Amino acid sequence: MTAYSLGVEIACDGPGHERGCPESAAIRASSASMTAAEVRADGRVDGWARRRRDDRVVDLCPACKTTP
Ligand SMILES: [Zn+2]
């Protein structure tokens, strides 16, 4: 049995208010990525984006990033 460290999980915040991500996407972090910054760097490679929505910053997967 192998134990995996979960590290930080960053999930998609969806395309808008009250709308969840249709794919419930989460960034697949590389095994070396443990901090939120490292995991987000992995996500950028896969096309994830950080956007400011009202007063908070949200993480968007490639699909939600292009949904208005
Ligand atoms: Zn999404």
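Computed from the coordinates by the stated procedures, all read-outs in this text should not be read as laboratory data. On a predicted model such as this, the values are computed, not experimentally measured, just so you know. No Cβ is skipped: glycine too gets one built from the backbone with ideal geometry, and neighbour counts run over all protein chains shown.
How many nm separate the modelled label positions at residue 11 and residue 55, each set 7 Å beyond the Cα in the direction of the Cβ?
In this crude spin-label approximation the distance works out to 2.4 nm.
Over the chain, what is the mean sequence separation of C-alpha contacts under 8 Å (at least six apart), divided by residue count, expressed as relative contact order in percent?
Details: 92 pairs, mean separation 21.6, N = 68.
It comes to 32 percent, rounded to a whole number.
Stretch residue 24-residue 44 to full length: gain in nm at 0.36 nm per residue minus the Cα-Cα span?
Additional length available on full extension: 5.5 nm.
If you line up the long axis of helix 36-45 against the longest principal axis of the chain, both from Cα atoms, how many degrees apart are they, to the nearest 10?
70 degrees
If you project the alpha carbons of the chain onto their three principal axes, what span does each projection cover, largest first, in Å?
42, 21, 20
List the trypsin sites (Lys or Arg not before Pro) within the chain that fall in a DSSP loop (any state other than H, G, I, E or B) and whose Cβ has at most 13 other Cβ atoms within 10 Å.
Counting only loop positions with at most 13 other Cβ atoms within 10 Å, the trypsin sites (Lys or Arg not before Pro) in the chain are 28.
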